[in-house]
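A quick write-up on the structure given underneath.
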């Protein structure tokens with residue numbers, strides 16, 4: 001019985017794939033694989049907002065499906081295969097750890113289009129897309145450097161991958177620029193989503209004197225943990241997290257995936273979809289800076305907004321020389337700007353950070 | 001690297017808070033397993049307790065009522081498992097797993113309106129001058145009521161199982177349900193009571209997460225704590241005080257590695273995080289290597305269905 005269902009699903013997938021190519025009126029099926037629950041209030045929440053925007057934009061022409069809390073690794077292949085067998089025409093896999101599973105499953109379903117977020121492996125039917133979160137990190141670093149009283153910034157990191165290391169570097173460079181005494185304490189949580197652990201990490205950092213908490217994990221738990229402590233500020237991550245404004249959350253990085261998801265779905269409908277590598281920042285609107293709250297002094301707010309606008313206009317790049325690597329070797333000369341290749345594979349800290357990157 | 005920034009007393013206090021949810025869930029599961037029932041739905045009961053407690057606390061403004069609601073919510077959900085496995089004789093492992101999935105979904109549904117809301121604060125118990133004692137003050141007398149409740153619960157379960165007649169009956173049911181039945185004890189009723197107690201404890205553990213430790217409601221916020229509680233029961237070889245030890249060990253390792261990292265020490269996080277599981281495996285290996293002792297520890301009827309006709 002079960003096998004028959006699978007076979008029926010496979011047959012359906014093929015007929016749907018063929019139908020889409022023939023331009024019939026079958027709705028295009030768009031699938032999403034999420035690493036956390038849609039109600040996490042952060043990363044997955046925003047991807048799901050993008051999915052809802054696709055539904056609203058296309059109405060009956062598109063059908064969307066999603067699966068939440070899919071573990072990164074081998075189990076993701078099962079979830080992806082199932083979604084492809086169910087007849088999805090386009091599948092977005094929205095976490096770094098889905099990279100290899102996406103490539104593997106894509107090889108088995110050449111007619112299905114895949115889009116992998118924040119990765120770097122592509123194929124004829126696999127695109128990659130990501131946002132330049134580090135642009136927002138630069139703005140956060142500036143505010144953090146200006147606001148801290150203890151000169152100690154706590155950073156809750158998830159996994160030691162280039163995207164996270166890039167964020168730490170961008171925040172550190174800009175905090176250091178306005179506050180030479182700044183220190184970063186970095187905790188690797190080794191999870192994207194575990195509210196209790198994220199809250200514990202925030203508490204550990206606060207107990208050890210940090211009064212700014214930056215997070216690269218998905219839940220709002222660090223915000224809740226910081227809420228009860230006087231003088232501690234936080235920044236919303238991936239989503240605005242405005243329910244914790246004006247304090248502790250003083251600003252945020254917001255991921256806006258909706259325009260991209262709509263454009264890619266349109267490309268599948270038109271038959272113009274091709275494998276691409278998209279990496280957009282504040283300028284094109286994929287990254288937004290959440291409103292800077294009144295807890296931030298007016299002059300700091302003005303500077304932060306000026307930096308945001310300069311990055312958006314292309315006049316300023318957060319990784320502009322002179323910059324050295326942590327080991328003291330030269331990286332960027334005066335006025336030189338980091339190239340995308342180095343940024344995409346970033347595996348080193350900049351000079352001044354005292355921690356080491358775990359293997 | 002600056003280890004002086006870690007205050008060991010604050011660390012121990014944080015460890016107790018971090019361990020309380022898994023301690024509550026584990027002590028409940030211990031009673032369930034002692035009665036011969038294997039309920040793998042701890043995660044589902046915890047998360048349901050988390051949202052029930054959160055919702056009641058927010059609506060009523062009272063954390064105490066919230067915890068009561070959480071215990072009730074967890075117990076009701078566990079009785080679903082109880083009815084299925086005790087009366088309809090469904091497979092306990094499969095039903096328990098289903099209960100976890102059901103609990104995760106149900107809690108997400110119930111929690112729709114509670115995302116981003118702050119729960120009423122739970123105050124610490126006021127011990128007056130005791131809290132100002134050096135060393136002991138911060139470790140023992142600076143917590144919220146639930147930490148003490150969890151410790152009292154461990155003591156109560158220990159005394160109940162070891163000294164009371166009802167505890168003896170419960171253990172008899174878990175060791176040999178046929179013999180207990182032949183003696184005239186109501187096996188199914190005893191087990192249902194144990195299951196409900198386990199559900200209530202798991203619910204309390206979940207509410208401790210959503211009301212005190214995090215404190216907020218987020219879907220899936222237990223993030224595997226229920227599975228750790230199950231591991232702790234095995235680790236403790238079904239002994240209440242060892243459950244306390246196990247829970248503080250699991251919780252302690254988590255808090256310790258976070259603090260070491262915050263202090264800038266390059267610790268191999270993976271090894272620290274896996275160490276409690278390695279110890280659990282070691283305990284299992286040692287237990288099973290000695291047949292006589294293994295027979296003494298795991299309840300003999302664990303996971304077996306009972307019907308009076310058999």
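The values are calculated or read from the model by the stated rules, or taken from the named source; none is laboratory data. The structure displayed is predicted, hence computed values, not measured ones. As a convention, Cβ positions derive from the backbone with ideal geometry for all residues, glycine included, and neighbour counts pool all protein chains shown.
For this structure, a couple of remarks:
- Residue that is farthest from the chain's Cα centre (by Cα), among those in segment B:117-160 that are outside any loop (DSSP other than H, G, I, E, B) and within 14 Å of chain A (Cβ to nearest Cβ): B:138
- Taken over segment A:181-232, residues that are assigned to a loop (DSSP other than H, G, I, E, B), over 17 Å from residue B:225 (Cβ atoms) and in contact with a helix residue (DSSP H, G or I) (Cβ under 9 Å, 6 or more places away or on another chain) amount to 10.
- Just one residue in the set B:269, B:283, B:233, B:243 is more than 14 Å from chain A (Cβ to nearest Cβ) and more than 23 Å from residue B:148 (Cβ to Cβ); that residue is B:283.
- The lone criterion from (1) within 30 Å of residue B:267 (Cβ to Cβ); (2) out of contact with any strand residue (DSSP E or B) (no Cβ under 7 Å at 6 or more places or on another chain); (3) outside the structural domain of residue A:269 (by TED's automatic domain parsing) left unmet by residue A:178 is number (1).
- Tally of residues being within 14 Å of chain B (Cβ to nearest Cβ), closer than 21 Å to residue A:182 by Cα and touching a helix residue (DSSP H, G or I) at 6+ places or on another chain (Cβ under 9 Å) across segment A:319-359: 5
- Exclusive hit being closer than 27 Å to residue B:104 by Cα and free of Cβ contacts under 8 Å to residues at least 40 places away in the same chain, set B:214, B:125: B:214
- Options B:145, B:168: the member that is surrounded by fewer than 17 Cβ atoms within 10 Å (Cβ to Cβ), over 21 Å from residue B:244 (Cβ atoms) and modelled with pLDDT of 80 or more: B:168
- Screening the candidates A:175, A:189, A:157 for the property of being more than 14 Å from every other protein chain (Cβ to nearest Cβ) and within 20 Å of residue B:5 (Cβ to Cβ) yields one hit, A:175.
- Whichever residue in segment B:105-116 is within 9 Å of chain A (Cβ to nearest Cβ) and part of a helix (DSSP H, G or I) and, among such residues, is farthest from the chain's Cα centre (by Cα): B:112
- Residue identified as surrounded by fewer than 17 Cβ atoms within 10 Å (Cβ to Cβ) and over 22 Å from residue A:35 (Cα atoms) among A:312, A:274: A:274
- For segment A:198-208, the candidate set comprises residues that are facing chain B (nearest Cβ under 7 Å) and in contact with a strand residue (DSSP E or B) (Cβ under 9 Å, 6 or more places away or on another chain); within that set, the residue that is modelled with the lowest pLDDT is A:208.
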